[in-house]
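K.L.:
Got a structure for you, written out below as C-alpha cells; questions coming shortly.
What follows draws every value from the coordinates through simple rules; no lab data is involved. Worth saying up front: this structure is predicted, and the values here are computed from it rather than measured. For neighbour counting, all protein chains shown are included, and Cβ atoms are generated from backbone atoms with ideal geometry for every residue, glycine included.
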Amino acid sequence: MNQILNNTLNSESLKILLVEDEPKVAAFIKKGLDENGFLTEIAYDGVTGKVMALSNKYQIIILDINLPLINGFQLCKIIRDINSNIPILMLTALSGIEEKSQGFEAGADDYLLKPFEVRELILRIKALIKRTNKSTPVSLVYQVANLKLYCDEKKVTRADKIINLSAKEYKLLEYMIINKNKVLDRLELLDHVWGVNFDTGTNVIDVYVNFLRKKVDNNFELKLIHTRIGMGYILSDEQK
C-alpha cells in the first residue's frame with residue numbers, strides 16, 4: 001500500500017513526526033508510513049519530541065500519550081500553543097472518555113486507539129491533511145515496487161507506463177495492493193471484488209488473476225502477483 005499527497009503536499013515534502021517511546025511500536029508505525037510515501041522521523045521521549053516539533057518542518061504530528069519526561073497531553077498543549085494549525089493525532093491504549101477528553105482539550109485533532117491497522121492510520125492522516133488544507137486536492141496512491149495505483153483517477157502504471165484495466169481487473173488489483181503481502185483466498189476475493197455469492201466452484205478469480213498477470217507482470221523481471229498453492233494469491237515485491 002502506498003499513498004502520497006499530490007500538489008503542494010507530495011511524498012517528498014510531507015514529513016511526519018512520530019513521538020513514541022516504545023521502539024518496536026515506533027518501528028512498526030514508521031515502516032507503514034514510509035511504505036506509504038511519507039517521510040517519518042521519530043522521537044522517543046517528550047523532550048526530544050518538543051524540540052523536533054517546534055522546528056516547524058512537519059506537516060503532521062503523531063503523539064503517544066504515555067511518554068517519558070513530557071507526556072503526550074503536555075506535549076500536545078505545548079505544540080498547540082505555538083502552532084494552531086498543524087494536525088495532531090494522538091495514539092494510545094487508553095480507551096476511557098476522560099483520556100480522550102483530555103487529549104482533545106490539549107488540542108489534539110484526532111485520537112486512534114491501539115492496536116490499529118496501518119491502513120486506518122493512513123486514512124486518518126489523509127483526512128486530517130485534507131481538512132487542514134482544504135484548497136489542496138488530496139490523491140491516494142498505492143505503490144508496490146514500480147507499480148502504482150491512483151485511486152482518485154482509477155489509473156494504474158508500472159514503470160510510469162499506463163496499464164489499461166477493465167473495471168473488475170482494477171477492483172481486483174486495488175484490493176490486492178491494499179492487502180500487500182497478505183495471502184488472499186478465492187472466497188475473500190469473490191466477496192470483496194464481486195460482492196455477490198458466486199458458485200464456489202467458479203474459476204473467475206483464477207481467470208482474472210491471469211488477466212492481471214499478463215498486464216502487470218509481463219515484460220518485468222520482478223513478478224508481483226504470486227500463487228500460494230492451496231491457499232490463494234498474494235501481491236508482493238518480496239522474492240520467494
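K.L.:
Checking the cross-link filter: which lysines have an alpha carbon closer than 16 Å to that of Lys215, excluding same-chain neighbours under 8 positions apart?
P.N.:
Lys148, Lys154, Lys155, Lys161, Lys168, Lys171, Lys223
K.L.:
So for the chain, considering every pair of alpha-carbon atoms, how many percent are separated by more than 22 Å?
P.N.:
58 percent
K.L.:
Ranked highest first by average number of other Cβ atoms within 10 Å, how do 153-166, 59-72 line up?
P.N.:
Descending packing order for the listed peptides: 59-72, 153-166.
K.L.:
Further, regarding this structure: Would you mind checking Lys15/Lys100; Lys126/Lys182; Lys50/Lys180 for any pair whose Cα atoms are more than 30 angstrom apart?
P.N.:
Violating the 30 Å Cα-Cα cut-off are Lys50/Lys180.
K.L.:
Sort region 15-132 into rounded, prolate or oblate with this rule: let a ≥ b ≥ c be the square roots of the eigenvalues of the Cα gyration tensor; rounded if a/c is under 1.5, and if a/c is not under 1.5, prolate when a/b is larger than b/c, oblate otherwise.
P.N.:
rounded
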